[in-house]
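Below you'll find the structure, written out as structure tokens, and then a few comments.
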Amino acid sequence: MIKNIFIQKGTGELIFYKTYEDIFDIKLTSSFLSAIFSFVKQTLKTEKLSEIEVGLFRFIFEIEKVGKDEILFALFADRTDNLVELRSHLREIKGQFLNEFDQASLTDNYDGEVSKFNHFENNIENILENNKELVSQDVKNDIIKVFNELHTFSVFVVSSALLTQTGRVIVSYLDPSVLSEIIRLLEGRFITGNYKVKELISLEDFGILSLKGINEHFISVILFKQNCPFETSLIITKKFSQRLRNLII
């Protein structure tokens with residue numbers, strides 16, 4: 001879930017912010033973001049700042065050169081939120097903001113008055129509203145019933161989930177740390193051009209992890225106990241993904 005959105009000059013002056021959860025002091029956070037950007041530029045000798053993870057959360061950044069200045073766009077969200085979709089949202093926010101406001105008012109002529117940008121909240125709400133539900137609530141309820149049956153009738157199943165191919169969570173009973181690792185895997189594959197998962201199965205410290213592509217949009221995930229026979233995990237995975245496919249199509 002998105003917590004906050006910040007737009008500010010690279011030198012630290014806050015231009016716009018939108019708060020969904022009042023987690024921290026806005027001015028202090030703005031100074032923190034500015035310090036990070038300054039550190040990256042001066043110490044690492046680069047202006048490329050993509051994302052920073054902090055525990056269960058992360059900041060995602062987009063930077064735009066405007067005249068002699070840089071405008072920093074930052075989004076703060078849960079670590080388990082879909083990176084590909086969040087990045088898309090942030091880039092759309094950046095594009096609309098730069099198109100709507102005179103760039104001189106953001107740089108050389110910036111007077112520090114943030115209230116004149118307040119109406120941009122409507123743009124953000126419209127951008128996020130376009131992130132529609134991928135399955136209806138009725139279908140989701142049927143999917144949950146299938147999950148419940150899976151957990152009830154198989155002694156080898158620890159937990160399970162239904163994700164999109166890009167890592168967006170539709171339904172999940174996975175431990176947050178396991179879910180985080182899977183999302184990281186899917187995001188990494190997506191960024192490198194591996195857009196579709198057909199089937200992946202691996203033995204991890206926490207059990208046997210099985211991912212199976214349901215179609216071009218969705219992936220079923222099952223975590224089995226380590227003592228689960230390999231063939232059994234394959235059979236259960238196939239039947240489970242087929243039942244989900246019948247509901248989603």
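The values are calculated or read from the model by the stated rules, or taken from the named source; none is laboratory data. All figures in this text were calculated on a predicted structure; none of them were measured in a lab. Every residue, glycine as well, gets a Cβ built from its backbone with ideal geometry; the counts of neighbours run over all protein chains shown.
One residue stands out among those in the stretch 175-206 that are of a type in the set (Gly, Ala, Ser) and either surrounded by fewer than 13 Cβ atoms within 10 Å (Cβ to Cβ) or not in a helix (DSSP H, G or I) (or both): the one that is modelled with the highest pLDDT, which is SER202. Taken together, the criteria exclude GLU149 from residues that are within 22 Å of THR19 (Cα to Cα) and surrounded by fewer than 17 Cβ atoms within 10 Å (Cβ to Cβ). SER105 fails exactly one of the following numbered conditions: (1) polar (S, T, N, Q); (2) more than 24 Å from ILE182 (Cα to Cα); (3) buried (at least 17 other Cβ atoms within 10 Å of the Cβ). What is the number of that condition? (3) is the only condition that SER105 fails. Looking only at the stretch 191-220, residues that are free of Cβ contacts under 8 Å to residues at least 40 places away in the same chain and among the small types (Gly, Ala, Ser) come to 3 in all. Of the residues that sit in the stretch 162-174 and are outside any loop (DSSP other than H, G, I, E, B) and of a type in the set (Ser, Thr, Tyr), which one is nearest to the chain's Cα centre (by Cα)? In this case the residue turns out to be THR164. Whether any residue in the stretch 161-174 is hydrophobic (A, V, I, L, M, F, W, C) and surrounded by fewer than 12 Cβ atoms within 10 Å (Cβ to Cβ) is what I want to check. No, that holds for no residue. Go through the residues of the stretch 27-41 one by one and say whether even a single one is in the same structural domain as LEU106 (by TED's automatic domain parsing), part of a loop (DSSP other than H, G, I, E, B), under 23 Å from the mean Cα position of the chain (by Cα) and at pLDDT below 80. No, the conditions are met nowhere in the stretch 27-41. The set of residues in the stretch 156-184 being of a type in the set (Gly, Ala, Ser) and closer than 12 Å to LEU211 by Cβ consists of SER160, ALA161, GLY167. Residues that are assigned to a helix (DSSP H, G or I) and in contact with a Ser or Thr (Cβ under 6 Å, 6 or more places away or on another chain) within the stretch 207-235 comprise just one, SER233. So for the stretch 18-25 (the condition being surrounded by 11 or more Cβ atoms within 10 Å (Cβ to Cβ), among the polar types (S, T, N, Q) and at pLDDT below 85), does at least one residue qualify? There is no residue in the stretch 18-25 that is surrounded by 11 or more Cβ atoms within 10 Å (Cβ to Cβ), among the polar types (S, T, N, Q) and at pLDDT below 85.
Sort out which residues of the stretch 65-83 are crowded, with 19+ Cβ neighbours inside 10 Å and either of a type in the set (A, V, I, L, M) or under 8 Å from the mean Cα position of the chain (by Cα) (or both), and write them in order of number. Selection gives ILE71, LEU72, ALA74, LEU75, ALA77, THR80, ASP81, ASN82, LEU83. Counted as qualifying within the stretch 83-161 are the helices (runs of 4 or more DSSP H) with 2 or more residues that are of a type in the set (Gly, Ala, Ser) and not assigned by TED's automatic domain parsing to the domain that holds LEU209, namely 83-100.
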